[in-house]
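**Q** Would you mind keeping the following structure in view while I ask a few things?
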Amino acid sequence: MAERIPLAPSTDASRDDPRASRLAESGPDAPAWAAALSALWGRASRRLVEGFAASCVLLWTAGQAQAQTLMEVYEAARSYDATYLAARAQAESVRFATEQAYALRRPSVGLSAAVTRSEIDPPVGSDRTTTNRQVGVSAVQPIFNRANSVRIEQAERSLEIAKADLQAAEQDLIVRVAQAYFNVLAAQDALGTARANKKAIEEQLASAKRNFEVGTATITDTREAQARYDLAVAQEIAAENQLRTAQVALDQLVGRTGVTPRPLTAPVTLPPIHPESVDVWVSRAETSPTVRRAQLGLEIASLETERARAGHLPTVDLVGDVGRSRQTSDPPSMTQPSGTYGSATAGVQLKMPLFAGFSVQNRIRETLLLEEKARNDLAAARRGTDQATRQAFLALQSGLAQVRALEAAEASSRLALEATLTGYRVGVRVNLDVLNAQTQLFATQRDLARARYDVLLGRLRLEQAAGQLDPADLQQINALLAP
């Protein structure tokens, strides 16, 4: 935090600040307190501009020993986040659904057993009871079934869709983790700015009160400083609450408490956009999970039309069965003697559909329209991805330009504050001007920190829009954090 400025003027102020010497030597018209104020504000100007950095250092170093990198937070979220885990379970389940489809081209074997008992009460003679016990094994091996072959191809496409969905879920998790991570850092910077601003205004308020007591300033300066100080206190409270809210969101994402992000390495150097052409990014978006999913959906719809047409085709199966049966009669019968019999059959079975009430024709018309829908969905996915990629690229360009502008504004705000303090010393600026210059400097520093985080997050969003985001991109940003 900024060091408190001594309230009593130094007797050797001309040695502390060369401008005090020049002001003291300006002639008998110069006020007697000018030299003292020159030394006072000379030291204040140096301390005020350092307040923001000092406050942030205190916030960061409080938990630096336990601070987590961006990759560590991502790995923790990857094993805890319910949304991602649900997407991963869904993707893994589709693999077993595909295996079920493969069973359509494999043989099926079944075991059957039966026991039957019949009683005959003839009009002449005694009753006869016959017991028949049967056991058998039957098997069917498909030889030609176009509908089943198409279903297998559709299942394979569904597995690819599941992989695309999982990739999209992983990309979404990367962005959500980075956003929560940088939200905490931005909230820490905002709190550091608010505290530094309050400290600077507190020094200005103390000076205004002292000057009013000695009769060199009006009560207006004191009241203006007091009003600005009260506002700074309210802003600090809001910044503290914002930090707590951002911290809760980050903790909830990773399932831990007290997660402490690492700050960016100072001085911050943001990497440029590479490649620099938006058309290159748009061309990369052709392989994005969104476009790939829509492309696979069109292929599945086309296969569904082919499957519907297969309703006119025959099916050929290799069939066979082996069985044994035992028959007993009471009393014994010459026509149906008791004994054990074995049987075995094998053959080729052909089934040819002839007429199904026009259901096949109507099914074909239905699937053709669904195929047209899937084709339009693919076009919409490509256009949407193209637009999202261009918007993300332009947002990143704008963010980099904004960072450069805010860096220039920060330097200008420092010079403006120093000039305002000098003008206040010689009487051409009032207390309110100093307060405004201080507020402008700290607000610029806060906006600059936020803009840097937005640029890093915007880079991830660009990779996500183009479908190229993976943990390696997160590792590159992780390298920008303080070790």
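**Q** Per-residue HN-Hα couplings for the stretch 82-92, Karplus 6.51 cos²θ - 1.76 cosθ + 1.60 at θ = phi - 60°, whole Hz, x for Gly and Pro?
**A** 5, 5, 5, 5, 5, 5, 5, 5, 4, 5, 5
**Q** Using a Förster radius of 30 Å, what is the FRET efficiency between residue 112 and residue 146 based on their Cβ-Cβ separation? Nearest 0.05, please.
**A** Numbers: r = 29 Å, r/R0 = 0.97.
That gives a FRET efficiency of 0.55.
**Q** Could you tell me which of 337, 318, 257 has its Cα farthest along the dipole of the stretch 255-338 towards the positive end, charges placed at Cβ (Lys, Arg +1; Asp, Glu -1), taken about the Cα centre?
**A** With unit charges placed on the Cβ atoms, the residue in question is 257.
**Q** Below 8 Å, C-alpha to C-alpha, sequence gap of six or more: please give me the relative contact order for the stretch 88-191 in percent. Let's see the in-between values first.
**A** Numbers: 83 pairs, mean separation 33.6, N = 104.
Once normalised by length, the contact order is 32 percent.
**Q** Using a Förster radius of 22 Å, what is the FRET efficiency between residue 376 and residue 276 based on their Cβ-Cβ separation? Nearest 0.05, please.
**A** Working: r = 33 Å, r/R0 = 1.51.
Using R0 = 22 Å, I get an efficiency of 0.10.
**Q** Oh, and also: Starting from the Cα of residue 343, move 7 Å in the Cα-to-Cβ direction to define the label point; list residues of the stretch 284-319 whose amide nitrogen is under 17 Å from there.
**A** From the stretch 284-319, the list is 319.
**Q** Tell me, what ³J(HN,Hα) does each residue in the stretch 426-441 have, in order and in whole Hz, if you take phi through Karplus 6.51 cos²θ - 1.76 cosθ + 1.60 with θ = phi - 60° and put x for Gly and Pro?
**A** For the stretch 426-441, the Karplus curve yields 8, x, 9, 10, 9, 4, 4, 5, 5, 4, 5, 5, 5, 4, 5, 5 Hz.
**Q** Compute the FRET efficiency between residue 238 and residue 102 as 1/(1 + (r/R0)^6), taking r as their Cβ-Cβ distance and R0 = 45 Å, and round to the nearest 0.05.
**A** Numbers: r = 60 Å, r/R0 = 1.33.
Using R0 = 45 Å, I get an efficiency of 0.15.
**Q** Separate question: In nm, give the distance between the simple-model label positions of residue 419 and residue 129, each being 7 Å from the Cα along the Cα-to-Cβ direction.
**A** 11.9 nm
**Q** Could you tell me the distance between the Cα centroids of the stretch 81-127 and the stretch 201-219, to the nearest Å?
**A** If we compute the Cα centre of each part, the gap is 91 Å.
**Q** If contacts are Cα pairs under 8 angstrom and at least 6 residues apart, what is the relative contact order of the stretch 200-277 in percent? Don't skip to the answer; put the middle values down first.
**A** Working: 27 pairs, mean separation 15.6, N = 78.
20 percent.
**Q** Pulled fully out, how much extra length does the chain show between residue 226 and residue 472, if you take 0.36 nm times their separation in residues and subtract their Cα-Cα distance? List each step's numbers first, then the result.
**A** On the way: separation 246, 0.36 × 246 = 88.56 nm, distance 5.08 nm.
Extra length from residue 226 to residue 472 when fully extended: 83.5 nm.
**Q** Moving to a separate point now. Per the Cauchy relation, a quarter of the hull surface: what is the mean projected area of the convex hull of the alpha carbons in the stretch 382-471, in nm²? Can you show the working numbers first?
**A** Details: hull surface 27.8 nm².
Across all orientations, the stretch 382-471 yields a mean hull projection of 7.0 nm².
**Q** Starting with the highest mean, order 287-294, 115-122 by the number of other Cβ atoms within 10 Å, averaged over the residues of each peptide.
**A** Numbers: 287-294: 20.4, 115-122: 9.8.
Result, highest mean first: 287-294, 115-122.
**Q** Relative to the Cα centre, what is the charge dipole magnitude of the stretch 297-380, using +1 at the beta carbon of each Lys and Arg, -1 at the beta carbon of each Asp and Glu, and rounding to the nearest 20 debye?
**A** Numbers: 9 positive and 10 negative charges, 45 e Å.
That gives a dipole near 220 debye.
**Q** Further, regarding this structure: Which whole-angstrom value gives the distance between the alpha carbon centres of the stretch 246-280 and the stretch 443-473?
**A** Using only Cα atoms, the two centres lie 7 Å from each other.
**Q** Counting only other residues whose beta carbon sits under 13 Å from that of residue 172, what net charge do I get with K and R as +1, D and E as -1?
**A** Details: positive: 78, 88, 176, 461; negative: 81, 165, 170, 463, 470.
Cβ neighbours under 13 Å give a net charge of -1.
**Q** Any chance you could get the radius of gyration and Dmax over the Cα atoms of the stretch 134-253, in Å?
**A** My reading of the Cα-based Rg and Dmax gives 33.7, 120 Å.
**Q** What whole-number distance in Å separates the alpha-carbon centres of the stretch 139-177 and the stretch 374-441?
**A** Spelled out, the Cα-based centre of one part sits 46 Å from the other.
A short reminder: the numbers here are calculations on the coordinates, not readings from a lab. Note that the structure is a prediction, hence the values are computed from the model and not measured. Ideal geometry is used to build each Cβ from the backbone, glycine not excepted, and the neighbour counts take in all protein chains shown.
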